[in-house]
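Reading through the structure tokens given below for one structure.
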Amino acid sequence: MSTVVIGVIGADVHAVGNKIIEHVLTEHGFNVVNIGVLSSQEDFINAAIETSAGAILVSSLYGHGEIDCKYMRENCQEAGLNNIKLYVGGNIVVGKQAFKEVEQRFKKMGFDRVYPPGTNIEDAVRHLREDLGE
Amino acid sequence: MGIHLLVDFGSTYTKITAIDLDKECIVGTSKAMTTVKTNVLEGFDLALEKLTVSYPEVSDITGVSACSSAAGGLKMAAIGLVEELTVEAAKRACLGAGALVNLVFSHHLSRKEIKQLKNADIDIILLAGGTDGGNKECILHNAKKLRDANLGVPIIIAGNKDASDEIEEMFEDSDQEYYIVDNVMPKLKKLQVKEAKDVIRQIFITKIIEAKGIKKAEEKTGEIIMPTPEAVLNAAELLAKGYEDEEGFGELMVIDIGGATTDVHTIGEGFPKRSEVILKGLQEPFAKRTVEGDLGMRYSANALLSLVSPYEFKQYYEYDSDIESAANKRHENVDYLPDTDEEVAFDKALARICCDYSMSRHVGHVEVVYTPLGNMYYQTGKDLTDIKYVIGTGGVLINNADAKDILKEVNKKSNKKLELRPTDPTILIDRNYILSAMGLLGQKYPKLALKLMKEHLV
Ligand code: B12
């Protein structure tokens, strides 16, 4: 059973999606460690270390995702999380921007999967199975 | 019923408190120098003799309970994975059990750290790391390092349960004394220290007491049931919660300023008091103890001095004498008693600094985070702004005429706005030095212990 850390990054309080993600992933047999809203990169990383998580799923809804996620990959590496998968989703940037470009920018920052608004969590479940080799 | 004796084998004094169980009162107290180096019973016998001479009614002794902090107390090393998580959880288990945490390590133990463990005079090691089902690699690495180091010190393993079988196999065939207990952090940020604390106490009772030469006392006192700081924490908890229809004081704090350390205990939830403040960090224990090894009136006087600038010290001390030599004198002569106004004032300055600094470290802090959406407030630790009572104990405070004045240092300060310190609590002093004794008495007679504390804390 794979462990995944989920939470909402930065000063973001949008809590509803986070609960739904926890519910869906748990239903699909993942061991979900939910650190909740208002979580810093450090909170995600510390949680992933202690729980030996295979992936971190970052949510950002309020539009400031790009600032909050900056250097997250580097910080993971610094903390010894070399193989961790990083996913991000929600409304990760301000307003309506071409998603392809947004995806490119987040991939460049080291995120393995980047999801547009309104993503079905089942998609992420499929990707997790692929990426974590289940 | 008769007379019940409560004995505290302290680092300097062996203290006896005699309770009349029928009349429900404290008959009297006495003390004599602790004699661990020769025979611990000498000190005990002398104290008992003094007691029976002063209080002839102490004759029908029907029971004895004892605690000890002699020979350096209980010294532990806490090891975990992430500093803010399992390391902190391990530390809290040790502190809650009445230990001093002398060494703290995170992540993979290095050779250098193993050497430190070897050289330090540690009684028990607590090894944590990983939530249940989480990281096992680190605790396995550390367990192996510890086994190979053959330190001859009991190890309590309180980490990821998934690693426990492998650790058991590792230790089974070695001479290492080990105990596998519940994970101190089974789930992220969840604290579960009860079993670890119980085992610490068990090892203390069965082994440490013996190693420190205190076991002999048991011929006369029966089993020494806990380290003294744990007795104080138990007393504080009883006093806060109450027992049956005897009401308690509610949330409270106990401060013990000693020669080597300053201990702070609080009983209370400490949740944020304002709705816009968000709680961060590991779950806080309801009964929380912190110990500051660099804040003390004698042995730690010069360590304390290195924390404050001369300018800052002057805020507490008005004389022009040489501060450094005054501190050194105390460090080298731990039985020193001040004899001039100047020296008394110096002691008071030290005590106020102990109180102020230990408070800064014990209470929760609010941090302002500047976000794209404006300021947000995060709280780590306990909000103690509503604490109703602060109780001072320990030799220095209870004998000091200015004790209440010293303890006012716990209060909120304009230059430490982000610290969640008490705001004008009622200050009480444990004048007769009964708190640890009441923690012991409370094991068997909680209602009486509670009643006596309410009478004697003034
Ligand atoms: C309810 C709400 C609030 C509530 C939140 C209450 C709470 N505690 O949850 C309140 C009123 C507090 C609020 C405040 C704000 N909000 Co608002 N809010 C909404 C609203 C209407 C619904 C959010 C919601 O719950 N949706 C339902 C859940 C189920 O969906 P979801 O959150 O999107 O999550 C799903 C998916 O996104 C996805 N997902 C999410 N994360 C991830 C991660 C991965 C890896 C994957 C695979 C999938 C995934 O799966 C989730 C489950 O299906 C949305 C608009 C909308 N219709 O989406 C705006 C919205 C999110 N808010 C917005 C804004 C701007 C704000 C404020 C900044 C407004 C302000 N100026 O004060 C503040 C920010 C406060 C803060 N500090 O966070 C904007 C964000 C714009 C942007 N990103 O460019 C939105 C989109 C509204 C808009 N169209 O302008 N908000």
Identify, among A:LEU81, B:THR38, B:ALA260, the residue whose Cα sits farthest towards the positive end of the charge dipole of the protein assembly as shown, taking +1 on the Cβ of Lys and Arg and -1 on the Cβ of Asp and Glu, with the dipole about the Cα centre.
A:LEU81
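In whole percent, what relative contact order does chain B give with Cα contacts below 8 Å and a gap of six or more residues?
On the way: 996 pairs, mean separation 61.7, N = 458.
Across chain B, relative contact order equals 13 percent.
Kindly flag which residue pairs out of B:LYS412/B:LYS451; B:LYS220/B:LYS241; B:LYS91/B:LYS161; B:LYS75/B:LYS412; B:LYS15/B:LYS288 have an alpha-carbon separation exceeding 28 Å in this structure.
Numbers: B:LYS412/B:LYS451 31 Å; B:LYS220/B:LYS241 32 Å; B:LYS91/B:LYS161 19 Å; B:LYS75/B:LYS412 32 Å; B:LYS15/B:LYS288 25 Å.
Violating the 28 Å Cα-Cα cut-off are B:LYS412/B:LYS451; B:LYS220/B:LYS241; B:LYS75/B:LYS412.
Could you size up the charge dipole of chain B around its Cα centre, putting +1 on the beta carbon of Lys and Arg and -1 on that of Asp and Glu, and report it in debye to the nearest 20? Walk me through the numbers before you get to the answer.
Numbers: 55 positive and 71 negative charges, 163 e Å.
My answer is approximately 780 debye.
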Kirkwood-based Rg/Rh on the Cα set of the stretch B:246-429 evaluates to 1.01
How would you rank B:252-264, B:365-377, highest first, on the average number of other Cβ atoms within 10 Å across their residues?
B:252-264, B:365-377
Across peptide A:40-46, what mean number of C-beta atoms from other chains lies inside 10 Å of a residue's C-beta?
3
Highest mean packing first, using Cβ neighbours within 10 angstrom, the peptides B:342-349, B:72-79, B:89-96 sort as B:89-96, B:72-79, B:342-349
In whole percent, the Cα-Cα distances of the stretch B:1-143 spread across 10 Å bins from 0 upward as 11, 29, 20, 17, 16, 7, 0
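With only Lys, Arg, Asp and Glu charged, each at its Cβ (+1 for the first two, -1 for the last two), find how big the charge dipole of the stretch B:146-290 is about the Cα centre; round to the nearest 20 debye.
Details: 19 positive and 29 negative charges, 134 e Å.
In debye, rounded to 20, the stretch B:146-290 gives about 640.
From Cα pairs below 8 angstrom and at least 6 apart in sequence, can you work out the relative contact order of the stretch B:75-204, rounded to a whole percent?
Details: 277 pairs, mean separation 34.8, N = 130.
27 percent.
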Counting only protein heavy atoms and using a 1.4 Å probe, what share of the accessible area of chain B belongs to carbon plus sulfur, as a whole percent?
48
Can you tell me the relative contact order of chain A? Whole percent, Cα pairs under 8 Å, sequence separation 6 or more.
25
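Could you please tell me the mean projected area of the C-alpha convex hull for the stretch A:70-134, averaged over all directions and given in square nanometres to one decimal? Present the calculation step by step, with values, prior to reporting the outcome.
Working: hull surface 19.2 nm².
Convex hull of Cα atoms, orientation-averaged projection: 4.8 nm².
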Hey, with R₀ at 51 Å, roughly what FRET efficiency would B:GLU455 and B:SER325 work out to, going by the Cβ-Cβ distance, to 0.05?
0.75
Just counting partner chain Cβ atoms within 10 Å, what average do the residues of peptide A:49-61 show around their Cβ?
4
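May I ask what percent, to the nearest 5, of DSSP beta bridges between residues of chain B are antiparallel? All intermediate terms of the calculation are to be shown ahead of the outcome.
Details: 37 of 75 bridges.
If I count the DSSP bridges inside chain B, around 50 percent turn out antiparallel.
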Rg(Cα) of the stretch B:53-206 divided by 2.2 N^0.38 Å?
1.17
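Rg(Cα) of chain A divided by 2.2 N^0.38 Å? The partial results should precede the final answer.
On the way: Rg = 13.3 Å, N = 134, 2.2 N^0.38 = 14.1 Å.
Normalised by 2.2 N^0.38 Å, the Cα Rg of chain A equals 0.94.
From the P(r) of chain B, could you give the percentage of C-alpha pairs in the tail past 33 Å? Show your work: numbers first, answer last.
On the way: 40808 of 104653 pairs.
Counting pairs separated by more than 33 Å, the tail of P(r) holds 39 percent.
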Ignoring ligands, DNA and RNA, what accessible area per residue does the stretch B:303-445 give at 1.4 Å, in Å²?
47
Computed from every Cα-Cα pair in the protein assembly as shown, P(r) in 20 Å bins starting at 0 and rounded to whole percents is 19, 46, 28, 7, 0
Would you please put A:77-90, B:312-325 in order of how densely packed they are, using the mean number of other Cβ atoms within 10 angstrom per residue and starting with the highest?
A:77-90, B:312-325
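What is the magnitude of the charge dipole of the stretch B:375-418 about its Cα centre, with +1 placed on the Cβ of each Lys and Arg, -1 on the Cβ of each Asp and Glu, and no other charges, expressed in debye to the nearest 20? Mind dumping the intermediate values first?
Values: 8 positive and 5 negative charges, 34 e Å.
With only Lys, Arg, Asp and Glu charged at Cβ, the dipole is about 160 debye.
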Of the residues B:GLN283, B:LEU337, B:LEU350, the Cα lying farthest along the dipole of chain B towards its positive end, which is defined by charges on the beta carbon of Lys, Arg, Asp and Glu, belongs to B:GLN283
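The values are calculated or read from the model by the stated rules, or taken from the named source; none is laboratory data. All values derive from a computational prediction rather than experimental measurement. Every residue, glycine as well, gets a Cβ built from its backbone with ideal geometry; the counts of neighbours run over all protein chains shown. Side chains are part of the model used for accessible areas, which takes the heavy atoms of the whole protein and leaves out ligands, DNA and RNA. Shrake-Rupley method; radii C 1.70, N 1.55, O 1.52, S 1.80 Å.
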